[in-house]
Structures are given as C-alpha cells and as structure tokens.
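To keep things clear, I will list the structure first and then write my remarks on it.
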Amino acid sequence: YGAYLFYALNYKIPDIEVYYIPANCVFAVWIAIGVCYYLICFVVLSRLIEATPSAFRWAAFALVTALLIGNAVWNLVFFRHKNVEASAMISVAYAAVALTVAILLLLVDPVSAWVFLPYLIYLAYGTWWVLALRRLNREAA
C-alpha cells in the first residue's frame, strides 16, 4: 500500500483517491498498528500514574489523553467524513503534540519514552502518508 502510494506520487497516477480500500493483508497490519498504539498508550499511562508527581508528569498525562482523543477525531474526520484536508491539518497538530509527549516522557520516565518511540516512528510515516494523499487529491481535482 505504501509502495503503491509512493509509486503514484512519483509517476503522478491520477486515480489515487481517499476512497482507496487497502487489501486484506494490509488491513490486518493496519489493525495490528492500532492495537499496538493502544497498548503503547496503556503502558505509558500506567507508568505515568506510578511516576513521582510533578508538573511534567501531569502535562504528559494530559497530552497522552489528548492524543487518544485526537486519534479518535482524526479517524472520524478521515474515515467517516472523508475530509482529507481537515485530516491533514489534524495530523500536523497531532504530530506536534506527540513530539511534546515524547520530550515530556524523556523528562518524567525514560522507559515510557522508549516505549513511545516506535509509535513516533510510525507517526512520521503516517503524517507523510496523509499529506501525500492530500497532495494527490488536490492534483486530481
């Protein structure tokens, strides 16, 4: 799926749309990524609850909660409303919050920061993907 999108970007394939439905195996990977995301958030929040109370801990806790809500909003906007423009804007703001969470986790609980790192790596790809999809839909219009 990612390779197809990369190919479409390089060769300006006009039939890439937001309605493109991934193959079953890719869909299974997508579900696995979602499960991993919630497991990562669970571990991070659990560790933050156990961490020494501080302003950074509360900020990290609040921002991880904001990430969970932001993820739900992004899914609603992208999948239900099929609004690529709005989902791209949400993605950029979401990525900024995720980077802030990573910095706070480094200060509060470095183990949680390491647990969160794989999601940050995936998020870089996910943000690139939605921005590329937005660009393709603009070119097709």
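The values are calculated or read from the model by the stated rules, or taken from the named source; none is laboratory data. Just so it is clear, the structure is predicted and the values come from calculations on it, not from any experiment. Counting neighbours? That spans all protein chains shown, and the Cβs are built from the backbone with ideal geometry, glycine included. Surface areas here come from the heavy atoms of the whole protein model, side chains and all, with no ligands, DNA or RNA. Shrake-Rupley method; radii C 1.70, N 1.55, O 1.52, S 1.80 Å.
What to note about this one:
- Condition met for A93 (open to solvent by 50 Å² or more (accessible area, probe 1.4 Å) and either under 12 Å from the mean Cα position of the chain (by Cα) or within 29 Å of R134 (Cα to Cα) (or both)): yes
- Scan of segment 110-141 for residues that are touching a residue at least 60 places away in the same chain (Cβ under 8 Å), open to solvent by less than 20 Å² (accessible area, probe 1.4 Å), closer than 18 Å to F56 by Cα and of a type outside the set (S, T, Y), ordered by number: F116
- Residue in segment 6-28 that is at pLDDT below 95 and within 17 Å of A124 (Cβ to Cβ) present: yes
- Which numbered condition G34 misses (of (1) closer than 18 Å to Y125 by Cβ; (2) modelled with pLDDT of 95 or more): (2)
- Residue within segment 53-61 that is of a type in the set (K, R) and open to solvent by 50 Å² or more (accessible area, probe 1.4 Å) present: no
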